[in-house]
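The values are calculated or read from the model by the stated rules, or taken from the named source; none is laboratory data. Just so it is clear, the model here is predicted, and its values are computed rather than measured. Because the Cβ atoms are built from the backbone with ideal geometry, glycine has one as well, and the counts that use them run over all protein chains shown.
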Amino acid sequence: MSASTPVTLDRATGRALAVSCTGLGRAFTTGDGRARPVLSDLHLDIAPREILAILGTSGCGKSTLLRIVAGLDTPSAGAVRIDGSPVRAYDPRCAVGFQEPRLMPWRTLAENVALGLPRHTPAAAGRETVDKLLELVGLTEFAGHRPREVSGGMAQRTSLARALAREPGVLLLDEPFGALDALTRMKMQDLLLDVHAAAPATVLLVTHDVDEALQLADRVILLGKDDGAAGASIRQTVVVPGRRPRDRGSAELADLRGRLLDGLGVDRHADTT
């Protein structure tokens, strides 16, 4: 399917794409000209339709990894491939969702969603796609509202619909629910699972919330530095058992939560939300 093909939400197989990171490294240059490694020799394979959650302390390179996969940043070493082809610049097979909705305040919600449509999408097909996406995220009756007229959760749903308008093979989410209250955040997590079922994509989710990672992901990786390492790499990998949606209070998830908190150096009895 070409990048200019309009979205259809009733496709049987979706177009989720595999992602491969091989020997990935990224170093930034400091003000005094020295290299500051952030990522070092990172190897990662993500299967089509997999939801992968990325945990780690602040500054460990989580967002940098997402930007490199999207082609918004260039690795200092190694390579990223999507569906077997190398990523060398911004890749239209990807869509990125951020912590802030980043909506245009003068546009309606429908018009904001339409900004995500591929170029040269025919007008009628574009309107149909926007209508389907607004229905998918439960905003049909608010299509004509502007961002200031809706809640933060509704704005974030609009942002998600805009990302899906591209019909991405890879959906990259950087703390997408971090600014929401706890109840709205749980509702958005449930919505993401519904969206993933209706519009399959491979999802990379950066989060600081261990419970969110365990609720949504098929697999969780923990980024961090090993002793003597120049930059961060994968320190721990957890495969999350059970089909989604999962029981948030299950003993099995509680055990995994403790392991991940230990890996983060956090008291497992502390509140991480």
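I'd like to know if region 199-216 contains one or more residues that are assigned to a helix (DSSP H, G or I) and without any contact (Cβ under 8 Å) to a residue 24 or more places away in the chain.
Keep residues of region 199-216 that are assigned to a helix (DSSP H, G or I), which gives 210-216.
Keeping just the survivors that are without any contact (Cβ under 8 Å) to a residue 24 or more places away in the chain gives none.
For region 199-216, residues assigned to a helix (DSSP H, G or I) and without any contact (Cβ under 8 Å) to a residue 24 or more places away in the chain: absent.
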In region 1-44, how many are modelled with pLDDT of 75 or more and within 21 Å of Ile82 (Cα to Cα)?
-> 18
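Is it true that Ala163 is small (Gly, Ala, Ser), at pLDDT below 95, in a helix (DSSP H, G or I) and in contact with a strand residue (DSSP E or B) (Cβ under 8 Å, 6 or more places away or on another chain)?
Details: small (Gly, Ala, Ser): yes; at pLDDT below 95: yes; in a helix (DSSP H, G or I): yes; in contact with a strand residue (DSSP E or B) (Cβ under 8 Å, 6 or more places away or on another chain): yes.
Against the criterion (small (Gly, Ala, Ser), at pLDDT below 95, in a helix (DSSP H, G or I) and in contact with a strand residue (DSSP E or B) (Cβ under 8 Å, 6 or more places away or on another chain)), Ala163 qualifies.
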Residue check for Arg107: part of a strand (DSSP E or B) and either buried (at least 20 other Cβ atoms within 10 Å of the Cβ) or among the basic types (Lys, Arg) (or both) = no
Could you please tell me which pairs satisfy a Cβ distance under 9 Å, a separation of 6+ or placement on different chains, a first residue in region 100-115 that is of a type in the set (Ser, Thr, Tyr), and a second residue that is in a loop (DSSP other than H, G, I, E, B)?
-> Thr108/Ala143; Thr108/Gly144; Thr108/His145; Thr108/Arg146
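So, Arg148, is that one assigned to a helix (DSSP H, G or I) and modelled with pLDDT of 95 or more or not? So that I can check it myself, show each step before the final result.
Values: assigned to a helix (DSSP H, G or I): yes; modelled with pLDDT of 95 or more: yes.
Criteria met by Arg148.
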Of Val220, Val203, which residue is crowded, with 21+ Cβ neighbours inside 10 Å and farther than 21 Å from Ala254 by Cβ?
-> Val203
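Scan region 37-68 for residues that are β-branched (Val, Ile, Thr), touching a Gly at 6+ places or on another chain (Cβ under 8 Å) and within 24 Å of Gln189 (Cβ to Cβ) and jot them down.
Restricting attention to region 37-68, the residues satisfying the condition of being β-branched (Val, Ile, Thr) are 38, 46, 51, 54, 57, 64, 68.
Keeping just the survivors that are touching a Gly at 6+ places or on another chain (Cβ under 8 Å) gives 38, 57.
Listed by number, the list holds a single entry, Thr57.
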May I ask you to list pairs of residues, at least six apart or on different chains, whose Cβ atoms are under 8 Å apart, with the first in region 221-249 being farther than 30 Å from Arg34 by Cβ and polar (S, T, N, Q) and the second being modelled with pLDDT of 90 or more and assigned to a strand (DSSP E or B)?
-> Thr237/Arg219; Thr237/Val220; Thr237/Ile221; Thr237/Leu222
Only one of Leu172, Leu164, Leu160 that is in contact (Cβ under 8 Å) with a residue 60 or more places away in the chain, within 14 Å of Leu52 (Cβ to Cβ) and either buried (at least 23 other Cβ atoms within 10 Å of the Cβ) or of a type in the set (Asp, Glu) (or both) = Leu172
Do you know which residues across region 218-258 are closer than 17 Å to Lys62 by Cβ, in contact with a Lys or Arg (Cβ under 9 Å, 6 or more places away or on another chain) and among the small types (Gly, Ala, Ser)?
-> Gly224, Gly231, Ala232, Ser233
Among (1) closer than 30 Å to Glu167 by Cβ; (2) in contact with a strand residue (DSSP E or B) (Cβ under 7 Å, 6 or more places away or on another chain), Ala47 falls short only on (2)
